[in-house]
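Below: one structure, written as structure tokens.
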Amino acid sequence: MNIRPPAQIDWIVADVGEDVALSFVESACGRRIWVPREWRGSDLAMTYGEDIARCLSSHYGGEYIKIPICRAWRILLYRKMGLCIDDIAHRAGADRSWVKKVLANGPYIPPPQRATWRNDPAQMPLL
């Protein structure tokens, strides 16, 4: 299942891929960062990686850029990764009710499989 990224970052996802873009958005969301014209050897490349630095400098070289939070997109990706609602809420910085609302309004992504309970063979059955 492909989850469509928001318009603010779809060009980043198209250039570097979903996993790298998610990692970048998680670490820089809500920040205003300087994008140098020359990305090689820059602080941006050392902090976020060469792929992100190349992508950003080709679009916004010599400018500041504010990285969007993209919370709904991140919530859908976390569900796709198999996280439970509590873990999604923690990573996205949201509460459970908001996570449930986003999951209800987005494409259906099945919840993660629960681990089967292992019984201790030494324990007697209750019933």
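The values are calculated or read from the model by the stated rules, or taken from the named source; none is laboratory data. Computed from a predicted model, the values in this text were never measured in an experiment. Cβ atoms come from the backbone with ideal geometry, glycine included; neighbour counts cover every protein chain shown. Surface areas here come from the heavy atoms of the whole protein model, side chains and all, with no ligands, DNA or RNA. Shrake-Rupley method; radii C 1.70, N 1.55, O 1.52, S 1.80 Å.
Surface exposure of the chain, expressed per residue as accessible area with a 1.4 Å probe, stands at 69 Å². Rounded to whole numbers, the Karplus 3J(HN,Hα) couplings from phi for the stretch 31-46 are 8, 9, 10, 8, 10, x, 5, 9, 7, 5, x, 7, 4, 4, 5, 6 Hz, using 6.51 cos²θ - 1.76 cosθ + 1.60 with θ = phi - 60°, and x at Gly and Pro. The 3J(HN,Hα) values that the Karplus relation (6.51, -1.76, 1.60; θ = phi - 60°) gives for the stretch 95-101 are, in residue order, 9, 4, 5, 5, 4, 4, 5 Hz. Gly and Pro appear as x.
Of the GluC sites (Glu not before Pro) found in the stretch 1-83, those that fall in a DSSP loop while having at most 16 other beta-carbon atoms within 10 Å are Glu38. What's the FRET efficiency of Ser27 with Lys101 using the Cβ-Cβ distance as r and R₀ = 25 Å, to the nearest 0.05? FRET efficiency, Ser27 to Lys101: 0.50. The orientation-averaged projected area of the convex hull spanned by the Cα atoms of the chain comes to 11.4 nm².
Could you tell me which of rounded, prolate or oblate describes the stretch 44-86, using a ≥ b ≥ c as the square roots of the eigenvalues of the alpha-carbon gyration tensor, with rounded for a/c under 1.5 and, failing that, prolate when a/b is larger than b/c and oblate otherwise? Taking the square roots of the gyration eigenvalues as a ≥ b ≥ c, the stretch 44-86 is prolate. Taking Cβ atoms as reference points and 13 Å as the exclusive limit, the residues near Ile75 contribute a net charge of +4, counting Lys and Arg as +1 and Asp and Glu as -1.
With all protein chains in place and a 1.4 Å probe, the accessible surface of the chain carries 51 percent carbon and sulfur. Estimated from helices alone, the mean residue ellipticity of the chain at 222 nm is -14000 deg cm²/dmol (sum of -39500 (n - 2.57) over DSSP H runs with n ≥ 4, per residue). Simple rule: put +1 on each Lys or Arg Cβ and -1 on each Asp or Glu Cβ in the chain, find the dipole, and look at Ser97, Tyr60, Cys29; the Cα lying farthest toward the positive end is Ser97.
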